[in-house]
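Asker: Dropping a structure here in structure tokens format, bear with me for questions.
Every number in this text was worked out from the coordinates using simple rules, so none of it is lab data. As the structure is a prediction and not an experimental result, all values here were calculated from the model. In this analysis, Cβ positions are derived from the backbone assuming ideal geometry, glycine residues included, and neighbour counts consider all displayed protein chains.
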Amino acid sequence: MMNESEILKTLENYVLDTAYGRAMLEAHSLELCLANLLVLRLVDDGYSGEKYKSEFEKIKKKTMGRLISEVVEKYEISDFWQEELDNCLFFRNRLTHQISDDVVSLHINGDGKEKLVTELEEIKGYFIETKVELDKMVDLWLDKKGIDRSIIHDAAMSLVGKGLEKRNALLQE
């Protein structure tokens, strides 16, 4: 049976791990948004069939830095948002390469968890704010093409449903 101190330490670790995971998920969500902008450009450039699939696969493999460079190159991005994207790249790299080490150390050492959780929440918020701005670019593109976002959402949900049905069928075999 764990004593009160051990329970508190365990809860602190869960809070830290949760904050780290949420920040990492938001970083990935931002990467997906950048990739989506590049995919929209493929559509604008008339790609289809195998050429589209090939370029799409290349986009999926790009690093966040490369995605940012290409979005800045292919879209009209203000100086302010170029700097914000650069900051996001810095924070994403810090999250991946430095903060992950800090999280491991804090599980052993324990001092400074609250400070790191606060930093992770700020980084997460930064990713969210930037993604909101990029989503506006996607919305403008959809409006320009006369595409209702709810149609895309419904189609995506249908695909997810079919994927889950297929997975469940495989699990029952």
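Asker: Grab the Cα-Cα distance for R94 and K145, subtract it from 0.36 nm times how many residues apart they are, and report the gain in nm with one decimal.
Answerer: Contour length minus the Cα-Cα distance gives 14.6 nm.
Asker: With label points built 7 Å along Cα→Cβ from the Cα atoms of D154 and T10, find their separation and express it in nm.
Answerer: The modelled label-to-label distance comes out at 4.8 nm.
Asker: Another question, then. For the residues D148, D135, what sequence is obtained by ranking on other C-beta atoms within 10 Å, fewest first? Kindly include the intermediate steps, with their values, before the conclusion.
Answerer: Working: D148 10, D135 14.
Listed from fewest to most nearby Cβ atoms, that is D148, D135.
Asker: Let me ask something else. Restricting to DSSP loop positions (anything but H, G, I, E, B) with no more than 16 other Cβ atoms inside 10 Å of their own Cβ, which trypsin sites (Lys or Arg not before Pro) remain in the stretch 30-97?
Answerer: Values: sites: R41, K51, K53, K58, K60, K61, K62, R66, K74, R92, R94; in loops: K61, K62.
Counting only loop positions with at most 16 other Cβ atoms within 10 Å, the trypsin sites (Lys or Arg not before Pro) in the stretch 30-97 are K61, K62.
Asker: Once fully extended, how much extra length lies between L32 and R66, figured as 0.36 nm per residue of separation less the alpha-carbon to alpha-carbon distance?
Answerer: Details: separation 34, 0.36 × 34 = 12.24 nm, distance 1.26 nm.
This chain segment gains 11.0 nm when fully extended.
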